[in-house]
1. Can you tell me which residue among 170, 182, 116 is within 18 Å of residue 257 (Cβ to Cβ) and crowded, with 21+ Cβ neighbours inside 10 Å?
2. Condition check: out of contact with any helix residue (DSSP H, G or I) (no Cβ under 8 Å at 6 or more places or on another chain), surrounded by fewer than 17 Cβ atoms within 10 Å (Cβ to Cβ) and modelled with pLDDT under 95. Does residue 105 satisfy that?
3. Looking only at the range 211-229, count every residue that is surrounded by fewer than 16 Cβ atoms within 10 Å (Cβ to Cβ) and either in contact with a strand residue (DSSP E or B) (Cβ under 8 Å, 6 or more places away or on another chain) or in the same structural domain as residue 101 (by TED's automatic domain parsing) (or both) and tell me the total.
4. Given the conditions (1) under 24 Å from residue 355 (Cα atoms); (2) outside the structural domain of residue 192 (by TED's automatic domain parsing); (3) in contact (Cβ under 8 Å) with a residue 12 or more places away in the chain, report the number of the one that residue 287 does not fulfil.
5. For the range 53-74, state whether one or more residues are under 26 Å from the mean Cα position of the chain (by Cα) and either farther than 16 Å from residue 402 by Cα or buried (at least 18 other Cβ atoms within 10 Å of the Cβ) (or both).
6. Before we move on, is residue 458 touching a residue at least 12 places away in the same chain (Cβ under 8 Å) and either farther than 18 Å from residue 310 by Cα or surrounded by 12 or more Cβ atoms within 10 Å (Cβ to Cβ) (or both)?
7. Would you say residue 422 is in the same structural domain as residue 338 (by TED's automatic domain parsing), touching a helix residue (DSSP H, G or I) at 6+ places or on another chain (Cβ under 9 Å), under 22 Å from residue 366 (Cα atoms) and exposed (fewer than 14 other Cβ atoms within 10 Å of the Cβ)?
8. Which ranges mark the helices (runs of 4 or more DSSP H) fully within the range 177-285 that have 1 or more residues being under 25 Å from residue 397 (Cβ atoms), within 17 Å of the chain's Cα centre (by Cα) and modelled with pLDDT of 95 or more?
């Protein structure tokens, strides 16, 4: 095994090589196959100059697999661009799962439960009812769900002949009804505007999911022929999301049930192959498990939106500024009429977390500082089409390759953190005691001023010529396009 200090020059060279891939995917989809094959062949040729046999073998295996996949599609002609895009996403995900499978560890068993759909509906007849219907030729059971505080109903389509399970908000809502969760949490799950699902199998299940109204970027592939629910749980960001709903019934973990009952959430995700491309939201420093900045964002988001009530926080986590993730949340809420209250709630939580610096007297001073430090963050960028998702995943797989290369060859992650007595004792963060400002008009005006300044900074930043390496490894945008669950 080569030593970590010997890997650094090689790692930098590898980074520059693989950072070219997203540039290819920015081009016309009809050029993707041949351009990628050319890049891989050139990469393999340059690897011959690498002095370490292990490094050459590690990358040559995946280069060979990728070229084999490309040979099967490179001569396909006259196929619709939509199919090229879907093929590319599937290829990226297949390669991601294959690479990550070597790093997925056996996890401790999770206590899980299953409630058949018939029993579920029978137990809550005032909140749930069911009917049969076809949606775009896909046979479904339609689970109708009543709002906890009014007479409105929403529907969840459950395909009966496909391996498709709903996750995220709709599935959480059903568990919260079962658990008699706090009323405020149930109310804040409504309404849901789209569906996220996990599927087992490939194209047939994908087509069925799209037919019932799931966007392509809302489809997670299990990577197995059937639902492996315990493994699914290990890949969730918080225990609150260890739940999914299919035509047969509701699957949930014991921690998810307790989270629904209490409203308390924490980051729990492990490195699971089918989720590896998204990274992981936890880290270990001095033997202490901490949430990464993106994980902190998920906790703040859940409590701010009222979908959870509290979370644990270690003072040691204050060494890691949320920065760009605060901007992301503000952007995510910017079109919502609840923006003023949500920004105030976020500021209240950030204060408790030690994420507000001295002199930052309101959320706009926090946002201003965060954007000064991250001027590349674009408040106007959007992911609207499947091709945007593929381009996002092309950047994410580059980060995954680099991350796993560091793990494989023992490249150290040295983080210099300040330790204080008691910094590993958790405190409970919540909105208890929060009092919103009544002057929302002033809040909106301040938001407009902040957005205009941010746009000017971002436009100036975009005029700076950056390399592919800088765009992938110098900015954190690849984590900010999509937020699963």
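1. Selected residue: 170, the only one of 170, 182, 116 that is within 18 Å of residue 257 (Cβ to Cβ) and crowded, with 21+ Cβ neighbours inside 10 Å.
2. Yes; evaluated as a whole, the condition is true for this residue.
3. Number satisfying all stated conditions: 1.
4. Every condition holds for residue 287 apart from (3).
5. Looking through the range 53-74, at least one residue is under 26 Å from the mean Cα position of the chain (by Cα) and either farther than 16 Å from residue 402 by Cα or buried (at least 18 other Cβ atoms within 10 Å of the Cβ) (or both).
6. When the stated conditions are applied, residue 458 passes them.
7. no
8. 229-234
The values are calculated or read from the model by the stated rules, or taken from the named source; none is laboratory data. Quick caveat, the model's predicted, so the values are computed rather than measured. So basically every Cβ, Gly included, is an ideal-geometry build from the backbone, and we count neighbours across all protein chains shown.
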